[in-house]
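The values are calculated or read from the model by the stated rules, or taken from the named source; none is laboratory data. Keep in mind it's a predicted model, so treat the numbers as computed, not measured. Neighbour counts run over all protein chains shown; Cβ positions are idealised from the backbone, glycine included.
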Amino acid sequence: MRGGLVVGVGARRAAGAAEIGALIDAVLRAAALAPAAVRAVATREDRPEIAAAARARGWDVLAYPAGTLASVPVPNPSETVRGHAGTPSVAEAAALHAAGVLGGGGDLVVPKRPGGGVTVAVARLRAPVPPWCPPPRRSAEEAR
């Protein structure tokens, strides 16, 4: 089976791939979650630094528009994030939404953890994806 975890990431534009990757690594380590268990990194559209950090680790990247993320119920919404990103959550919402797309739903196993302009959350897929399944294609709405 491919990994059963999705890492959701939000970051300020000034955050670089190394900084983003370092927080992802630290969050996984602190939660005793193996990097090999990560299926994908999920985030908001148009975040090349986040994609670079994920790809450096060999993980797929799933990116969603702010409107999609805003529709996801999360335990820790932020009005500050809403003001900057157009959604009250990026990391938690992206992780949970991607878990729904990839595995029929998911549970947040690490709520958002901020550090240095980056926020990371981790969701566990309820039904991990078999290795022969390709990454999902984005819908027409999400591709905009």
What do you reckon, is residue 114 out of contact with any strand residue (DSSP E or B) (no Cβ under 9 Å at 6 or more places or on another chain) and either over 15 Å from residue 43 (Cα atoms) or at pLDDT 90 or above (or both)? no
Is it fair to say residue 30 is surrounded by fewer than 20 Cβ atoms within 10 Å (Cβ to Cβ) and aliphatic (A, V, I, L, M)? yes
Among the listed residues 46, 107, identify the single one that is among the acidic types (Asp, Glu) and under 12 Å from residue 4 (Cα atoms). 107
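For (1) touching a Ser or Thr at 6+ places or on another chain (Cβ under 7 Å); (2) under 16 Å from residue 91 (Cβ atoms), each residue gets a yes or a no:
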site: 12; (1), (2): no, yes
site: 16; (1), (2): no, no
site: 25; (1), (2): no, yes
site: 34; (1), (2): no, no
site: 37; (1), (2): no, no
site: 44; (1), (2): no, yes
site: 52; (1), (2): no, no
site: 70; (1), (2): yes, yes
site: 75; (1), (2): no, yes
Every residue in the stretch 46-64 that is farther than 17 Å from residue 21 by Cβ and surrounded by fewer than 18 Cβ atoms within 10 Å (Cβ to Cβ), please. 46
I'd like to check which helices (runs of 4 or more DSSP H) are fully inside the stretch 49-121 and have at least 1 residues that are over 21 Å from residue 38 (Cβ atoms), touching a helix residue (DSSP H, G or I) at 6+ places or on another chain (Cβ under 8 Å) and aliphatic (A, V, I, L, M). 66-70, 79-85
Quick one: how many residues across the stretch 113-130 are of a type outside the set (Gly, Ala, Ser) and buried (at least 24 other Cβ atoms within 10 Å of the Cβ)? 5
Among (1) at pLDDT below 95; (2) crowded, with 19+ Cβ neighbours inside 10 Å; (3) not β-branched (Val, Ile, Thr), the one test that residue 84 misses: (2)
Check off (1) surrounded by 20 or more Cβ atoms within 10 Å (Cβ to Cβ); (2) more than 12 Å from the chain's Cα centre (by Cα); (3) in contact (Cβ under 8 Å) with a residue 40 or more places away in the chain for residue 74 and give me the number that stays unchecked. (3)
Give the residue that is nearest to the chain's Cα centre (by Cα), with candidates limited to residues of the stretch 16-39 that are outside any helix (DSSP H, G or I) and modelled with pLDDT of 95 or more. 38
